[in-house]
Amino acid sequence: MAHPLTRAVFLSFRGEDTRTNFVDHLYHALQQKSIHTYKDDERIKKGKKISDDLIGSIEDSKLYIIVFSKNYASSSWCLDELVKIMECHGTNDHTAYPVFYDVEPSEVRKQSGAVAEAFAKHEKEESAGKKWRETLKEAADLAGWELKKTADGHEAKFIQRIVEEISLELRSISFNIDEKLIGMETRIKNLVPSIGIGCDDVRMIGIKGMGGAGKTTLARALFDQLSFRHCKEIFLDVACIMKGWQKDDAIKALKSCGFHARNGLRVLQQKSLITINYDYLGMHDHIVEMGRNIVRRWLPNKPHKHSRLWKIDEIKDILANDLGTKATRCIRFHSKKFNPHIFIKGLRKMKELRFLSVSGDCSSDYEFGILGPDFPNALRYLHWTSYPFRSLPTAFQASNLKIMVLNKLKFLDLCCSMLRTLDLGLAPNLEELILVGCSYLEKLHFPSRCLNLRRLLLTDSKLRTLDVGLTPNLEKLDLEKSYYLEELHMANECQKLAELKITHSNLKTLDLGMTPNLKKLHLKECHKLVELHTSIGCLKKLVHIDLSGCLRFRSFRFNIKDNTSCSVDESVEVGPLAELRLMVESLESCPLHPKSNVPKFRFDGVYKEDRPLLTRNLEMLFSVGMCACTNLETFSRSLCGLRRLRKLELKASFVEAIKDIDQLEPLEELILLATRTNHLPDSICKLKHLKFLKLVDLRLLERLPEDLGQLECLEEFKSLEKLTLSSARMIRRLPANICMLKHLKSLKLIWCCLLEELPKNLDLLEHLEELDLSYTKIKQLPSSICMLKHLKSLDISCSLLEKLPEDLDQLECLEVLSLWTCEFLQDIPNSICEMKCLKYFYLQDCIRVEKLPEEFGRLECLEVLNIEGTSISHLPQSILSLKGLHIFGSTELLQSYDGNPKMRNDVLRSGVMIMRSSKDLENPVHKELLSQLTGTMKEHIYLHLGHLPPEALKKRLPCFSGIAAIFGSLLVLMLQRSQFQFCLTVHYNMGGIPTNYHERILYLKKLYPIIEVKYYLYIDDITINGTEQYDRGCSKEYTGHTRSTLGVLQSDPNPIHHFVCACVRVLCCVEGQQTQGIPDRPKVSRA
């Protein structure tokens, strides 16, 4: 039985050189990591022969650290110790690492320099001397660490690096076997050969023994060891090859090579050997170096015997000189220029090569000769970007024709290759094939059965026909940009196919066969596609379809939220939501049937569902065919067969042909657009779940269905809530029973130019919240309108309206009242002053209105009053009590206040904002200003105008005084010749330090925490002191100098600063503090 290893690390060193410095520090660093370390002056007991204890300690240790120093070779003790170490190093259980402390590896290897001087003491010991020389050379050839070339010679960092890598190496050889399980390691070693690791067949191992003997424990320990053996191979693959790879790509490669990739990566992540950030594999540089040292450590100067190759120069040398061996398992070769013939020829001796990744510039078109070389049969993963040959290589033997077969190949990626033909019979067990951008590929031969193929990505090819044969495990088929493809043959059953993508093809027919798991179907720009055959129930799991650019469908997208975990309930009440938006365009002819008399249409469509259905909605849509010829009766039947449709938006000229629309029982929202129809199907009134009906641009529609009110009676609490009729210019009256829609919340009758009156019993619409009658011919409103207790918005912008109801104040919830262009309206009833909730009152272009009620100030919630285009020349005094009110009025009205100092001051104190015109709001700058009025009284502003170019500012803000007023938060935008004076607080980037009209800074810390202002600005002779803080973090100093206003305007490169200098002075302020006092203000000589 093998001697158990009791120590982790054995330190070999020359005491007089390193005992009290480097070795002492290294020893304690290892101990702190709980690494059991042997160091002769602390471990050998007194009274023992040192040689016997030394040999035992060496044999009991797993790893050896040999510290070569200048005098190491002068000690025969050290050299004998080294001979024993190297003997143990040759076995599987021990590993030696040299540390070159103050000597170079070449000095130890050649016994030159300081090492030669030290070795000179052993001239009389010829036999021992020869052995020692050979051992020194052998040890110096091992992979280790050199202080001079590591961590810039810093000993502390150097020791840290050694300890990290030793710790990692100990973890990699421990196999997680519990040390308390005595003898378990030996039992596992005896059992491992029976498993046959590396074989493709399945083996079953039986462990026999009496109860309690440890059968389960042995099986678990064996599993842990095998997992770690996989976890160590995976670790080395990541360190040497896959660092920086996307996680999914690495999993594919590792699985192809036979590893349990997901579990392996998870274990490595748990042990902090790798990181996974944003789905990319990461690894610390020290750990990478350690992993690569593990690969190189046995034969560092013989890379052709390494298991993994990644250095370009080494690979080129090995392949060019035909030095390949069975030892090589993985190659990653990314080079700009190389000879592909030499490359493939050099692979022939690498019989165990399982992973090959190649990329480089080989733009030439190569063709294999009759006796071309072949890839190793052990290959499992092959990725070659820009593969330069016309086909995969084949091999022949003497008289018998023998084609190369890569039985173990699982993954093949030859993207952007020069391939003309490819026979997949060469790789019968292939699981994934990627031929993206293979624009020269003309033939792709599938064997009769490809039982393992799961993914095929083939784009930009010249294939005209493709027969994928029997591929029962195919999950994804991508034929994007198949410009030449005319025929696609699939097996009748592709049970696992989940995604099919065919774009820009010449296919005329497509038979999906039995594809019950299909989730995504892309048929974009297949212009010639006429027939799409689907089996009943094969589209149950479909969540996305794109038919854009097909003959019938200009664009068509179908989306379902892919949530397979939710249960599907076919009941109407809890069924899934489905939406269809269909725009139908008439065509003059069908390119495929030019002589057909059937109506011809093209569709733009979007179909959405919130989860997969068990119904045949998709089959119903496709049953109408793919060409432009459309049988309206068939189309109507298909459309009305969409059983779970909740929303339908249809723009078509044949709405009346859809007679059975009531079959769409769950329909809740119906939108009909721009249809050339004079009546709607009466079956609309039978849609008992309809809540929203919108009819837009139905210019020929003469009437609404007489039974429209029936939508209320069909089912309680599920009645029509919104009815919109827009641009129905032939409608003269509404159905008599429309007022039966008592749950209606919104009624919009816009641009119904011939509609003259409303029903008398309008008060029955007791839940109505919004009524829009704009641009109708209504002259008078029924008195019942005042009984709409829940009405919030009323738009009666009717040019013929003559009078408002006297009881308008009964609309106690009304917030918005619009009376635009009521040219015959003269009086505003006094009762309007009782509307406590009114916020917005619009009287634009009511040219005959001359005054407002004197008690208008009682509208305490009013925020906006627009009296543009009216004849109002005087505002009632009570209006000044409305704090923060924005009034849009005429120039004459504002001039009247300018000439009345008392009224002007009253306006200032009130905080009312009077603007010349609502057109000011069309100016982007003014919109910006008004949108950012803040504070409980809307008395200050916080603004940024840095996004406006100089030209725009100059053009749009010519009136400095008006702009200054808004900057100063006095909330008055005045005329250019206004005499008002303003004291303003601003920021360089127009941040607008907020002030009230008392010139006090408000909420400075909360609203502008980055401000750093400590200077003064004066008009005319401008004195500027202090620092300005920009948003971008840069600053600009102004100290103790004077410039004229004109000078600033001409020389300052910042146009926004012009406005600051020309209009305002800046208060002295400190971040987060209010201004305590106001400096004396100079007189404003000009705006």
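Table for the structure above
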{"read-out": "Cα shape, the range 495-551, gyration tensor, a/c 1.5 rule", "value": "prolate"}
{"read-out": "Karplus-derived 3J(HN,Hα), 6.51/-1.76/1.60, for each residue of the range 444-449, Hz, glycine and proline x", "value": "10, 9, 9, x, 4, 9"}
{"read-out": "Sulfur and carbon atoms: percent of accessible area, the range 740-895 [1.4 Å]", "value": "46"}
{"read-out": "Cα-only radius of gyration and Dmax that characterise the range 642-745, units Å", "value": "12.6, 35"}
{"read-out": "Distant-in-sequence amide H partners of Asp511 (H built 1.01 Å from N, under 5 Å)", "value": "His533"}
{"read-out": "Mean separation of Cα contacts under 8 Å (6+ apart) over length of the range 690-844, as relative contact order %", "value": "16"}
{"read-out": "For the range 707-824, fraction of C-alpha pairs farther apart than 21 Å, in %", "value": "33"}
{"read-out": "For the range 243-313, projected area of the alpha-carbon convex hull averaged over all directions, nm²", "value": "5.6"}
{"read-out": "Accessible surface ranking that places the most exposed of Trp310, Trp298 first, with a 1.4 angstrom probe", "value": "Trp298, Trp310"}
{"read-out": "Phi to ³J(HN,Hα) by Karplus 6.51 cos²θ - 1.76 cosθ + 1.60 over the range 871-876, Hz, x for Gly, Pro", "value": "9, 6, 10, 8, 9, x"}
{"read-out": "Exceeding the 21 Å Cα-Cα cut-off - candidates Lys742/Lys836; Lys247/Lys408; Lys110/Lys130; Lys476/Lys519; Lys316/Lys349; Lys62/Lys110", "value": "Lys742/Lys836; Lys247/Lys408; Lys62/Lys110"}
{"read-out": "Rounded accessible area per residue of the range 277-370, 1.4 Å, Å²", "value": "51"}
{"read-out": "Accessible-area value, Trp245, 1.4 Å probe, nucleic acids and ligands omitted, Å²", "value": "50"}
{"read-out": "The range 728-832 - accessible surface per residue (Å², probe 1.4 Å)", "value": "45"}
{"read-out": "Cα centroid of the range 718-764 to Cα centroid of the range 646-689, whole Å", "value": "17"}
{"read-out": "Accessible-area ranking of Trp820, Trp132, largest first, probe 1.4 Å", "value": "Trp820, Trp132"}
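The values are calculated or read from the model by the stated rules, or taken from the named source; none is laboratory data. Predicted model only: the values in this text are computed from it and were never measured. Ligands, DNA and RNA are excluded from the accessible area calculation, which covers all protein heavy atoms including side chains. Shrake-Rupley method; radii C 1.70, N 1.55, O 1.52, S 1.80 Å.
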